[in-house]
Structure formats: C-alpha cells, structure tokens
Amino acid sequence: MSTTLPETAAVHWRPRMDAGRLVLMGWSWTASTLVQVLPMLALAVILILLDPVTIAVGVIMLVHAWAIPELYANRGAKVVKPKPRAGAAAEQTALGLLGDLVDHRARELHARTGLVMERGTLGVWLVGEAGALLVRRRRVHCWCVRVTDPDLPSSDRIAHLLLALRADEQGFATVANLAFSGARWRVRRRLPKTMRSALDEVAGFSPLL
Amino acid sequence: MARLIRMDNTGHTTLAEWTQADPASVESAVAALRAELDKGYYAVVNHGEGRAEQVVTLPVDAQLVILRRPIAGG
C-alpha cells in the first residue's frame with residue numbers, strides 16, 4: 001500500500017500542497033492580477049479626466065483592465081470544459097464504472113453537469129475530464145490535470161482523476177497545474193451553462209464555504 | 001467474485017476474477033496485476049468517497065481492483 005501519489009515523483013521540485021500553501025497561492029494570484037490591473041485602471045482614469053481627446057484611449061485602457069481577470073478566469077474555466085467523446089459503447093461502459101465509484105447525488109450531478117463532486121480535506125472538488133475545480137469558501141482554484149491517455153472515454157478520464165484524488169488529495173493538487181485562482185462568480189460565468197449549477201451546489205456542501 | 005479491471009478505450013476490461021477459496025484464480029490475478037503494473041498502470045482499490053488506496057500487490061480480500069494510467073498536469 002502507498003499513500004503518496006506516485007506521479008508526484010515527476011514534479012519532485014514542487015512543495016507538497018497543503019491548506020496553507022493553497023491560501024498563499026490564492027493571494028499570490030490575486031496580487032499578481034492587481035499588479036496588472038491597477039496601473040491600467042489608474043491610467044484610464046487619468047486619461048478620461050485629462051482631456052476630451054484622451055477619453056477614447058482611457059476607455060480602451062478601462063476595457064483592458066476589465067478584460068485581464070476575465071481572460072484568466074476563462075483559462076481557469078476551460079480546464080473542465082468537455083472534450084471529444086469516444087464511441088457510444090465505450091462511453092456507456094465507462095459511465096457504468098464511474099457510477100459505481102460515486103453515490104447517487106454525485107451520479108445525478110454528473111448526469112446534469114458532467115462534473116463529479118468530491119469532498120476533500122482541502123475543499124470541495126468538482127472533477128472534470130481534464131481538470132478539476134477546488135472550491136474553498138468564495139474562491140475557486142482551477143487545476144489542469146489529465147490522464148496521459150487521451151483516447152479514453154470521458155467517464156474513464158474522470159474516474160482516473162477521481163481515483164488519484166481519493167488516493168492522495170494533496171499529491172493530486174501537487175501534480176496538477178494551477179490555471180486560475182479567483183472568485184467563484186468570475187469562474188462561474190465562464191463555465192458552460194450546464195456546468196454552472198455544479199458550482200452553486202457545492203456551496204451547500206462544504207463546511208469551508 | 002472479485003475482479004481486476006483495467007480502464008481503457010473500451011470503457012474497461014476485466015483482466016482477472018478470483019475468489020479466496022480458489023488459489024489458482026488468485027495466482028492468475030496476481031500475475032495479471034503484475035503484468036499491468038510492469039506496463040506502467042497503477043492499481044487502486046476504491047473505498048468510497050474520499051478514500052482510495054494505491055496498491056502494488058493484489059489485495060486478495062478486495063472486491064474490485066482498478067488499473068489506471070498515470071495522470072499529469074496539463
């Protein structure tokens with residue numbers, strides 16, 4: 001028996017993820033976004049107030065300041081967007097196995113949204129085919145992580161991630177690449193419509209929220 | 001009857017089935033597991049929400065052992 005995810009050996013230079021490190025990463029992400037957005041915002045205000053001629057440039061700067069966090073959030077939301085499907089028979093077989101791994105409520109959520117909810121010690125996870133969302137209070141960490149075989153049926157891809165997550169949650173978060181960390185509302189509106197209710201549902205599940 | 005399954009392009013494939021009362025079936029499952037581990041698969045026993053156990057030998061008392069491919073950051 002092993003309690004450490006073997007894949008962590010491939011990223012041996014990364015410190016093992018824990019709750020404190022997650023908080024730090026979240027604040028770092030926010031700080032780096034502010035560093036990019038605030039100067040642009042300040043310049044936009046100055047240009048708008050400076051002269052009627054510079055208003056147009058100021059407005060463009062304002063749009064840029066708005067777009068930067070939106071683009072980051074979009075990158076984060078993309079980690080759980082559905083991928084191309086395998087054959088129907090394979091998808092059905094894989095779905096059966098995934099269904100055996102989760103309870104009724106998670107099965108129902110997966111049928112509606114394509115995401116599997118899993119409560120962990122770091123927060124509540126929403127596992128997709130090529131990534132996972134970790135929800136902690138009002139912040140969502142978007143992780144890009146996938147099985148190395150791209151030809152697997154979608155439910156098998158989710159099952160791979162789910163089993164790895166269950167075997168070693170901290171190791172899972174260590175192996176995964178952080179694509180975005182920020183406000184839940186910002187990620188929510190960038191998700192496909194069918195997936196948004198999964199984020200809403202998580203709010204009622206975690207004591208961390 | 002316990003099963004050793006591998007997640008693959010077909011959904012999953014049953015590689016071995018065994019009962020503790022049948023040593024030959026256990027031996028066959030052990031060999032099948034070894035062969036898959038050598039190919040780079042990882043074996044996992046699921047214990048419900050939040051818990052799964054990575055194994056490198058066949059847990060004879062488990063009902064289902066699942067073989068998965070490695071994962072990596074995207």
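The values are calculated or read from the model by the stated rules, or taken from the named source; none is laboratory data. Every value quoted in this text rests on a predicted model; they were computed, and no experiment measured them. Using ideal geometry, Cβ is built from the backbone for each residue, glycine included, and neighbour counts are taken over all protein chains shown.
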- Query: Is it true that residue B:8 is of a type in the set (Asp, Glu) and crowded, with 19+ Cβ neighbours inside 10 Å?
  - Reply: yes
- Task: Hey, can you tell me all the residues within region B:20-45 that are within 14 Å of chain A (Cβ to nearest Cβ) and either in contact with a Cys (Cβ under 6 Å, 6 or more places away or on another chain) or β-branched (Val, Ile, Thr) (or both)?
- Result: B:44, B:45
- Item | Complete set of residues in region A:137-168 that are part of a loop (DSSP other than H, G, I, E, B), in contact (Cβ under 8 Å) with a residue 60 or more places away in the chain, over 21 Å from residue A:12 (Cα atoms) and facing chain B (nearest Cβ under 8 Å) | A:151, A:152, A:153
- Do any helices (runs of 4 or more DSSP H) lying entirely in region A:31-131 carry at least 1 residues that are surrounded by fewer than 16 Cβ atoms within 10 Å (Cβ to Cβ) and under 21 Å from the mean Cα position of the chain (by Cα), and which ones are they? A:55-78, A:104-113
- Note on the structure: Checked A:171, A:182 against criteria (more than 26 Å from residue A:88 (Cβ to Cβ), more than 8 Å from chain B (Cβ to nearest Cβ) and assigned to a helix (DSSP H, G or I)); the one match is A:171
- Query: When you go through A:138, A:157, A:146 one by one, which is the residue that is among the charged types (D, E, K, R) and over 26 Å from residue B:64 (Cα atoms)?
  - Reply: A:138
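Got a sec? Which of A:175, A:127, A:135 is touching a Leu at 6+ places or on another chain (Cβ under 9 Å) and farther than 16 Å from residue A:77 by Cβ?
Values: A:127 fails: farther than 16 Å from residue A:77 by Cβ; A:135 fails: farther than 16 Å from residue A:77 by Cβ.
Residue meeting the stated conditions: A:175.
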- Task: Tell me which of these residue B:12 doesn't satisfy, since it passes every other one: (1) within 28 Å of residue A:151 (Cβ to Cβ); (2) within 9 Å of another protein chain (Cβ to nearest Cβ); (3) in a loop (DSSP other than H, G, I, E, B).
- Result: (3)
- Item | Residue count for region A:12-24, restricted to those that are surrounded by 15 or more Cβ atoms within 10 Å (Cβ to Cβ) and assigned to a helix (DSSP H, G or I) | 2
- Message: For region B:46-74, which positions are among the β-branched types (Val, Ile, Thr), within 13 Å of the chain's Cα centre (by Cα) and within 9 Å of chain A (Cβ to nearest Cβ)?
- Response: B:55, B:56, B:57, B:66
- Only one of A:52, A:6 that is closer than 22 Å to residue B:69 by Cβ and either at pLDDT below 95 or away from chain B (no Cβ under 14 Å) (or both): A:6
